[in-house]
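**Student:** If you scroll down you'll find the structure; I have some questions about it.
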Amino acid sequence: MRFPAEPFRIKVVEPIRFVAREERARLLEKAGLNIFLVPADSIYIDLLTDSGTSAMSDQQWAGLMVGDESYAGSRNFYRLEKTVRDITGYRHVIPTHQGRMAENLLFSAMVRRGQIVPNNCHFDTTRANVEAQGAEALDLVIEEGLDPVADHPFKGNVDVGKLDRLLSANGRAKVPLAMITVTNNSGGGQPVSMANVRAVREACGRYGVPLFLDACRFAENCWFIKEREPGYAEKSVREIARELFGLADGCTMSAKKDGLVNIGGFLAFNADALEEQVVNLLLRVEGFPTYGGLAGRDLEGMARGLGEVLDEDYLGFRVGQVRHLGETLDAAGVPSVKPVGGHAVYVDARRFLPHVPQAQFPGQVLVVELYREFGIRAVEVGSLMFGHKDPQTGQDVYPKLDLVRLAIPRRVYTSEHMRYVAESVIATHLRRESLRGLKLEYEAPVLRHFTARLREFEPAAAGT
Ligand code: P71
């Protein structure tokens, strides 16, 4: 259960506040028990997301001072372009302000109404951008990837048999591209093996369908390949990354994850024909192709972060820190998705709170408790986020799992912070029977989890 100590020391500190319990309870009431509506400076440990929350290094901060803010031809763009070409091998590098803009550009250029885009699991924004084109976003992750307790080293893998059947039934006219998300965020941050990406490449190749990676967490995925896939232990993560990107035709990237920056992204690919379309759209919605909606200094931070994320001492610590949290919870009997993914631990709220029915949001019960008692912010990925009424029958439909994601920002929290998180979750587990369900008081017609308001059942009414 040990993992390497932090391969960095702390030069700048940012105080975090531990506000009194009464204040936290008041803020929660005011927020309608919705953690998205609690101000971040009243949170002690914020595990809402690993996206855009990384700590930059001294080298990245120094890089901001050499930002070249020229409208066209900024030197920082050329550095970013060279860095991305070195890592991926792709010819064209289009910066964007974050990942979803890269998705928007790619799908606007390549996807038409009535088509189908397969992926292991589409992330929310990817799905929304595919659907915005009038196309279908199809998830084809292997069966184990949907089972929270199945032990498999690469639970993010694509079911290649299903993909092959889709391609042979529809061909390139109906499937304009395929995607693979590394690591598979919606499936728990689970990695994809090189062998699986190669098999997907071969299937796509047979039908002339281009393959793109959703590469937000590519370095963490490559670290898992090095650790788990036969034949890769002696290769450097940089070599593994080059091989991985070499199997695809391009990628979308939210650099807010493995770019180690607070904002930024890019779209990269080989096809010359795609460049013209993408650039024309970029000019209309995002900016000139040498800045893509970002300042020159942001491009420099991204170029430097993409180099740092491949440092194997960093990756060993990073993936180890997340795994250690998962294993500590596991040893204490807290149910979670296994094996632990690269960026987050997902607690299984239905098994944690078997007495709270899905209609009473067990995941959100746990989220509320972790903030009120311990000042920790986690996020519900379950009935509140995905539950809805069936438009035909009017019945409530719930997702298979009610999960609570503890996403770990990169290089931000120390091992003592993580120990505090583990002890808090374990203490909550010990008194789980006293936790009561929640009732929705307000829900918006779309994306209700961002604005929902809830209320606790009175003790007498619990379970009814
Ligand atoms: C995460 C996020 C951030 C997020 C975004 C939207 C709603 C809630 C949280 C963002 C991803 C992602 C993958 C695999 C594309 C994006 C979009 N993840 N693909 O997990 O995980 O990137 O935010 O830079 O536009 O908290 P973007």
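**Student:** Tell me which residues, restricted to the stretch 438-459, are touching a residue at least 12 places away in the same chain (Cβ under 8 Å) and in contact with a Ser or Thr (Cβ under 9 Å, 6 or more places away or on another chain).
**Tutor:** Correct list: Tyr442, Phe457.
**Student:** Grab the strands (runs of 3 or more DSSP E) fully contained in the stretch 340-434, keeping just those with 3 or more residues being more than 25 Å from Gln190 (Cβ to Cβ) and either of a type outside the set (S, T, N, Q) or open to solvent by 20 Å² or more (accessible area, probe 1.4 Å) (or both).
**Tutor:** none
**Student:** Hey, another quick one. Which number in (1) part of a helix (DSSP H, G or I); (2) in contact (Cβ under 8 Å) with a residue 24 or more places away in the chain marks the one condition that Met179 misses?
**Tutor:** Going through (1) part of a helix (DSSP H, G or I); (2) in contact (Cβ under 8 Å) with a residue 24 or more places away in the chain one by one, Met179 breaks only (1).
**Student:** Of all residues in the stretch 37-69, which are under 19 Å from Leu299 (Cβ atoms) and in contact with a helix residue (DSSP H, G or I) (Cβ under 7 Å, 6 or more places away or on another chain)?
**Tutor:** Answer for the stretch 37-69, where residues must be under 19 Å from Leu299 (Cβ atoms) and in contact with a helix residue (DSSP H, G or I) (Cβ under 7 Å, 6 or more places away or on another chain): Met56, Ser57, Gln59, Gln60, Gly63, Leu64, Val66, Gly67, Asp68, Glu69.
**Student:** Let me ask another. Which condition from (1) modelled with pLDDT under 95; (2) within 19 Å of Cys251 (Cα to Cα) is the one that Val182 breaks?
**Tutor:** Unmet condition: (1).
**Student:** Of the residues Leu106, Leu80, Leu64, only one is more than 10 Å from the ligand (Cβ to nearest atom) and closer than 30 Å to Leu163 by Cα; which?
**Tutor:** Leu106
**Student:** Still on this structure, I have one more. If you scan the stretch 32-58, which residues turn out to be away from the ligand (no atom under 16 Å from the Cβ) and at positive phi?
**Tutor:** Gly32, Leu33
**Student:** List the pairs whose first member sits in the stretch 202-220 and is under 17 Å from Val261 (Cβ atoms) and of a type in the set (Phe, Trp, Tyr), whose second member is part of a loop (DSSP other than H, G, I, E, B) and open to solvent by less than 10 Å² (accessible area, probe 1.4 Å), and whose Cβ atoms are under 9 Å apart, counting only residues at least 6 apart or on separate chains?
**Tutor:** Close Cβ pairs satisfying both conditions: Phe218/Val182; Phe218/Thr183; Phe218/Asp258; Phe218/Val309.
The values are calculated or read from the model by the stated rules, or taken from the named source; none is laboratory data. If you're wondering where the values come from, they're calculated on a predicted model, not measured in any experiment. Please note: Cβ atoms are built from the backbone with ideal geometry, for glycine as well, and neighbour counts cover all protein chains shown. Keep in mind that these areas ignore ligands, DNA and RNA; they rest on the heavy atoms of the full protein, side chains included. Shrake-Rupley method; radii C 1.70, N 1.55, O 1.52, S 1.80 Å.
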